[in-house]
Amino acid sequence: MQTFKPGIVYFLLVFGAGFVLGTFRELLVVPYVGHRTAELLEMPLMLLATVLAARWINLRFPEPHHNAPRLAIGGVALSLMLAGELAVGIGLRDMTATDIMLNRDPVSGTAYYLSLILFAAMPWLVSRR
């Protein structure tokens, strides 16, 4: 239970930032530069949001200082992020689960999956400072 609440808060912070940035991306950026470029332009902003959220989580929920709980916080948040991605994709964009998870651009999709790994590890990574 020590990792569940911070994991939920961490997820909500980053998912909220992603929801806002994704809306702007789809409505304002994609028409001018296309999906791949728009997603790649959004990645640094999402990485910044991830780092800031992870730092805030580590300050707000300072204990435990061990590696496993920090990785568990990221794991909880990652599970919620994947569920959230599915919910938004299916509910708002009329996509299938396969389209959401597997039918991605080779370049921006790879960057997306790497960013998910960083998202899961970030509470641990920033706690090592």
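The values are calculated or read from the model by the stated rules, or taken from the named source; none is laboratory data. From a predicted model like this one, the values you see are computed outputs, not experimental measurements. All Cβ positions, even for glycine, are placed from backbone atoms using ideal geometry, and neighbour counts span all protein chains on display. Note: areas computed on protein heavy atoms with side chains; ligands, DNA, RNA excluded. Shrake-Rupley method; radii C 1.70, N 1.55, O 1.52, S 1.80 Å.
Does any residue in the stretch 51-72 that is under 10 Å from PRO6 (Cβ atoms) come within less than 7 Å, Cβ to Cβ, of a residue that is open to solvent by less than 40 Å² (accessible area, probe 1.4 Å) and not in a helix (DSSP H, G or I) six or more places away or on a different chain, and which pairs are these?
PRO69/THR3; ALA72/THR3
Pairs needed: first member in the stretch 100-129, under 22 Å from PHE61 (Cβ atoms); second member anywhere, aromatic (Phe, Trp, Tyr) and at pLDDT 90 or above; C-beta distance under 7 Å; at least 6 residues apart or different chains.
PRO123/TYR10
Please list, ordered by first then second residue, the pairs with beta carbon atoms under 6 Å, 6 or more apart or interchain, first in the stretch 11-38 and small (Gly, Ala, Ser), second open to solvent by less than 30 Å² (accessible area, probe 1.4 Å).
ALA17/ALA49; ALA38/VAL30
For the stretch 2-109, please list each of the helices (runs of 4 or more DSSP H) lying entirely inside it that holds at least 3 residues being open to solvent by less than 40 Å² (accessible area, probe 1.4 Å) and closer than 30 Å to ARG128 by Cα.
In the stretch 2-109, the matching helices (runs of 4 or more DSSP H) lie at 4-24, 35-60, 67-93.
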